[in-house]
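A short write-up of the structure that comes next.
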Amino acid sequence: MINPIELRKFRVPGAEVREALKPVPMVWGSLELSQQVNLEALYIARFQHTEIDPRGTYFSTNDVISDGSYSLVAGFGVADEDGNIPNNGVTDGRFIMPRLADQDAKDGGEYGAALRWFSPLLNNTEFGFYYLNYHSRLPIVNFIAGIQGQPPSTARYYVVYPEDIHLYGISFNALLPAGGTALQGEVSYRDNVPLQIEFAEVAMAATHTPTTGGEVASQLGTYNEGEVVQGYKRLEMGQVQLTATHSFGTHNWFNADQFVLLGEVGATKVFNMPAKEELRFEAPGTNLPARDDIAVAGQAIPQQQGGYADEFSWGYRLLGRWGYNNVVEAVNLTMLLAFAHDVQGTTPGPGGNFVENRKALSIGVGGDYMQSWTADINYTRYFDAEAHNPIHDRDFVSLDIKYGF
């Protein structure tokens, strides 16, 4: 939330979270009000945005707004790859819209405060109460309307990072009285959150795409030449997250020297979200118009079959990690098994938490020798929700070897 992320650094085998966080200049202070109460405050001096996977890389799912992208090629599903080959009988329904310069949020104006309360009477539970005013780290796409009656390529688009999102949150961190189980939870509310409107709707508004009956195709209505077609709507969002971690010690299913099991469940709710018939919001894999009465270059455009963002979405994550000490002299082994399941609903973009029925499975083996040499090999599989899971076919194996001194 505070530090933006450079996603490509996450893809490096063995990378740690801190390596992907981009540093930002800020002022932070802490004041101990009592032995149990602590007050913190921060001010971020310069804005930086999250860097998504570059165009053409293995995990890239967007070649329109990533680094190196300079235009949008749209055909709404009617253009063939060889559409420009002469005399082949194929009508080319594609059009190209140039990309304008990004509009970063202003520097400054990002600040927050947190109050932390440690309660010995509640089994040493720590509570947190916090507020943050920040600018969007994730990209939103706006358009500039083209010329009515002219080719759609007279329209333009650009990336913007909306400002002044308000975050309020309450968290807790506790150890259950029986011992061995830790609970963490958070409830947050965000106001003034910019949510990306369905990309096809924004593009059709900018290009004045009509229906076959002559009506305005886009839910956003009509725009004059040069007007900004705002690609987002600000709404309110709530999120709940609960995490439980249990250490089984040496008494476990795997006869390991140690076994830790972690489970997490989370849910996101968008308040007062318009009905999909009124306004649709961006979700992965919704690349076509929702209407069935639109044509480009005389060809009917395929209709999008659902998959749009929902007002409520939830999912869970499971992770197990168990280890064996001194398997061969000073060699220790660690096993890893992780599973992610987005159960119901799709969170609106950008960067929504859940995509309905999306799943991922990771298995791994790691070892260390005298706590100096370490090696890990992991396999990750993405599956289900194929049409709306852009990386469902990007399973991978990673291997890393490290030496610490």
Meets criteria (among the basic types (Lys, Arg) and loosely packed, with under 15 Cβ neighbours inside 10 Å) for ARG190
no
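So is LEU195 of a type outside the set (Asp, Glu), out of contact with any helix residue (DSSP H, G or I) (no Cβ under 9 Å at 6 or more places or on another chain) and either part of a loop (DSSP other than H, G, I, E, B) or over 25 Å from GLU282 (Cα atoms) (or both) or not?
Values: of a type outside the set (Asp, Glu): yes; out of contact with any helix residue (DSSP H, G or I) (no Cβ under 9 Å at 6 or more places or on another chain): yes; either part of a loop (DSSP other than H, G, I, E, B) or over 25 Å from GLU282 (Cα atoms) (or both): no.
Taking the combined requirement at face value, the residue does not satisfy it.
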When the residues of segment 240-292 are narrowed to those that are at pLDDT below 95 and among the hydroxyl-bearing types (Ser, Thr, Tyr), which ends up surrounded by the most Cβ atoms within 10 Å (Cβ to Cβ)?
THR286
How many residues does segment 176-223 hold that are among the acidic types (Asp, Glu), at pLDDT below 90 and touching a strand residue (DSSP E or B) at 6+ places or on another chain (Cβ under 6 Å)?
0
Can we say ARG394 is basic (Lys, Arg) and part of a strand (DSSP E or B)?
no
Determine whether segment 337-359 contains at least one residue that is over 26 Å from TYR161 (Cβ atoms) and polar (S, T, N, Q).
yes
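For every residue, the table says whether it meets (1) out of contact with any Cys (no Cβ under 7 Å at 6 or more places or on another chain); (2) under 24 Å from THR346 (Cα atoms); (3) buried (at least 21 other Cβ atoms within 10 Å of the Cβ).
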site	(1), (2), (3)
ALA206	yes, no, yes
PRO210	yes, no, no
ASN224	yes, no, no
GLY231	yes, yes, yes
LEU235	yes, yes, no
GLY238	yes, yes, no
Looking for something without any contact (Cβ under 8 Å) to a residue 12 or more places away in the chain and in a loop (DSSP other than H, G, I, E, B) - is there at least one such residue anywhere in segment 40-58?
no
Cβ pairs under 9 Å, 6+ apart, first in segment 190-205 and on the phi > 0 side of the Ramachandran plot, second modelled with pLDDT of 90 or more and in a strand (DSSP E or B)
ASN192/ILE165; ASN192/HIS166; ASN192/ARG234; ASN192/LEU235; ASN192/GLU236
Hey, can you tell me all the residues within segment 233-260 that are small (Gly, Ala, Ser) and farther than 18 Å from ALA182 by Cα?
GLY238, ALA256
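The values are calculated or read from the model by the stated rules, or taken from the named source; none is laboratory data. Quick caveat, the model's predicted, so the values are computed rather than measured. Cβ atoms come from the backbone with ideal geometry, glycine included; neighbour counts cover every protein chain shown.
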